[in-house]
């Protein structure tokens, strides 16, 4: 029987991919009810998803969705509203898939994690890159010890300049700007490789030629006892294919030269460049590109139905969000 899901909030960019993957796998998943407080978002999603989702049903409150027979809830609303929506779902006894970043308030996030633990419910962050083929290979090499002791993690995750007006509209409310929006993706992977940082040293700036205060170019240095993590997030990019991750250790190195995205043009393979101590050259491995977001959904189903141990723990997710907020300051009041 398909896993029956409700969706609270429909605003987030990644929501479209989740809906499309659910619709592409009807034997595994079914979306049975949707809610968003914004009539404009509701109208846009009705037009976009109505032809795709069988019996597309919109409801006028979170409570109405949570009154349905659900196996889990996907939370895809405005970032500063998502923790409250996730809390309602957990308190109704439903496990949650929560879109990134994990809200904008540290205390509220910690309380949400405590609620999940108390209820004994799975709560899973939706970070788009976790199940990319190249990322999975990188994590496999690290966990197998093939790269030795890791001393350097570096990630670059730019956003294109042409979309700058949309970034202002969506994220100017937060003091971290584009850093707040994007850095969690790769902090998530840095923490998977190195654990919790000892200290965080952000350098956030507005570098657009137009006057303003929006953080559109950010650099974060994360200090560990025996390593550095360096993350670079600009919103001024014009060069293509410059999203990358580099991991260096005492036994070797692994580079993902083009991380890609669910929203960018991607090849049907992902390249990973690997160097092993004692070798005379780098090796390039081309992996079949994984379809994004369906692995997240299958992980969710496996944990809540099959008792699988989550790939990423609640403590991991707390570390990621704390590091993100440490690097950009606490939230301003939402609009």
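Each value in this text was obtained by applying a stated rule to the coordinates, not by laboratory testing. Every value quoted in this text rests on a predicted model; they were computed, and no experiment measured them. Glycine gets a Cβ as well: all are built from the backbone with ideal geometry, and neighbour counts include every protein chain shown.
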How far is helix 314-326 tilted, in degrees, relative to the longest principal axis of the Cα atoms in the chain, given as a value from 0 to 90 rounded to the nearest 10? 70 degrees
Restricting to bridges with both residues inside the chain, how much of the DSSP beta-bridge set is antiparallel, in percent to the nearest 5? 60 percent
Based on a Kirkwood Rh over C-alpha pairs, give the Stokes-Einstein translational diffusion coefficient of region 3-123 at 4 °C and viscosity 1.567 mPa s in µm²/s. 91 µm²/s
Take every Cα pair under 8 Å in region 3-123 that's 6+ residues apart, average their separations, divide by the length, and report that relative contact order as a whole percent. 28 percent
So what is the relative contact order of region 180-232, in percent, for Cα pairs below 8 Å that sit 6 or more residues apart? 31 percent
Two-site label geometry, residue 43 and residue 91: point separation in nm, points 7 Å out along Cα→Cβ: 3.2 nm
Which whole-number percent gives the relative contact order of region 117-238, counting Cα pairs below 8 Å spaced six or more residues apart? 31 percent
By the mean-Cβ-within-10 Å protection proxy, highest first, 72-78, 110-116 rank as 72-78, 110-116
Rounded to the nearest 500 deg cm²/dmol, what is the calculated helix-only ellipticity per residue at 222 nm for the chain, with -39500 (n - 2.57) per DSSP H run of length n ≥ 4? -10500 deg cm²/dmol
Segment residue 271-residue 199, length gained on full extension (0.36 nm per residue, minus Cα span): 22.7 nm
Say each of residue 281 and residue 242 gets a label point 7 Å from the Cα, pointing the same way as Cα to Cβ; how far apart are those two points in nm? 2.9 nm
Determine by what factor the alpha-carbon radius of gyration of the chain differs from 2.2 N^0.38 Å, reporting the quotient. 0.99
Which shape class, rounded, prolate or oblate, goes with region 184-280 when its Cα gyration tensor gives a ≥ b ≥ c as root eigenvalues, a/c under 1.5 marks rounded, and past that a/b bigger than b/c marks prolate? oblate
Any chance you could run the full-extension gain for residue 213 through residue 58? It's 0.36 nm times the residue separation minus the Cα-Cα distance, nm to one decimal. 52.0 nm
